[in-house]
Amino acid sequence: MSNNVETFYQVMRRQGITRRSFMKYCSLTAAALGLGPSFAPQIAHAMETKQRTPVIWLHGLECTCCSESFIRSAHPLVKDVVLSMISMDYNDLLMASAGHQAEAALETSMENHKGNYILAVEGNPPLNEDGMFCISGGKPFIEKLKKAAEGAKAIIAWGSCASWGCVQAARPNPTQAVPIHKVITDKPIIKVPGCPPIAEVMTGVITYMLTFDRLPELDRQGRPKMFYSQRIHDKCYRRPHFDAGQFVESWDDENARKGYCLYKVGCKGPTTYNACSTVRWNEGISFPIQAGHGCIGCSEDGFWDQGSFYDRLTSINQFGIEENADTVGMTAAGVVGAGIAAHAAVSAIKQTTQRKKTEEEQNS
């Protein structure tokens, strides 16, 4: 990499950011990544000493929702990511140049930073008819993807399109759209699924890679554990209603107005791994379940071919055994009923005992 590439810290100081504000930023970044306060100095050291990493961002078959999510990141702000933390050498959606100038920038970056740049891919390649269903820069996207992947040190698969195939690969898949790991098999790939992924998850992955110069720890499916290690169900604020057997039975019923669990109307939170219920969306304001709609499982492989989004799961692991929502609900109701019956029985015994005691005192 050329020596004229500034570090993140140099860019921030040039913009008038104080050392105090810089350290505060590092502490907030550590918190956003789920790291302890002790990691803030490591983040600061990395940003002070390491040159900005070149990033090439390609677009295949997709709807641009990943980019729409990315540009709305608040922690860190996407302007800090794009203008200071990384060197966004090519992104035909965000860059000012177009046409031949844009493609020339891509070629220059791949040549000058071979082996050092991160390749970010949004969307996927179609294989049918030699890739002619997706043309980018005058060539089939699959050719562009393969060429860019050759010199990349790592690849980020943005969204469920690049990670799993998504709706483009839905049956019968006439274009033969495939996730990128079906095409690129000799490079490390970080999958960041979701339709789209959460903005802070996207910027968090980039921040981690720039700070520690390595891939984040991945699960067996290639997803960063820091964001995909827990089910949405595990931290959902409606979870107590699930445990109590309190469910929305139909849209806009009385239980829906009370904020009960959405499992019976199709929520896939119990089987979906993502940070929606903790990081949330729009600067942590809300997420689909909080807005009253069940999770559709958009970060899981094959969610688009699993039938209606409003078909509920047949069974889930609850209380250590396989139970469905009806059984849980009836059990909860039975416990409540048993409690009422027990309370009535105890009250009756107390009344009988007291009455006998009164009669004995009167007789004596």
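The values are calculated or read from the model by the stated rules, or taken from the named source; none is laboratory data. Keep in mind that this is a model prediction, so the values were computed, not measured. Don't worry about glycine lacking a Cβ; one is built from the backbone with ideal geometry, like all the others, and counts go over all protein chains shown.
Take the conditions (1) in a loop (DSSP other than H, G, I, E, B); (2) modelled with pLDDT of 95 or more; (3) buried (at least 18 other Cβ atoms within 10 Å of the Cβ); Val279 misses just one of them, which is (2).
Which one is surrounded by the most Cβ atoms within 10 Å (Cβ to Cβ), of the residues in the range 15-66 that are aromatic (Phe, Trp, Tyr) and at pLDDT 80 or above?
Filtering the range 15-66 down to residues aromatic (Phe, Trp, Tyr) leaves 22, 25, 39, 57.
Keeping just the survivors that are at pLDDT 80 or above gives 22, 39, 57.
On the way: Phe22: 16, Phe39: 18, Trp57: 25.
Taking the candidates together, the pick is Trp57.
Of all positions in the range 141-151, none carries a residue that is in contact with a strand residue (DSSP E or B) (Cβ under 6 Å, 6 or more places away or on another chain), surrounded by fewer than 20 Cβ atoms within 10 Å (Cβ to Cβ) and of a type in the set (A, V, I, L, M).
For the range 23-42, check the following and say yes or no: at least one residue is in contact with a His (Cβ under 8 Å, 6 or more places away or on another chain) and farther than 17 Å from Arg214 by Cα. Yes, the range 23-42 contains a residue that is in contact with a His (Cβ under 8 Å, 6 or more places away or on another chain) and farther than 17 Å from Arg214 by Cα.
Restricting attention to the range 227-244, the residues that are within 19 Å of Cys298 (Cβ to Cβ) and crowded, with 17+ Cβ neighbours inside 10 Å add up to 7.
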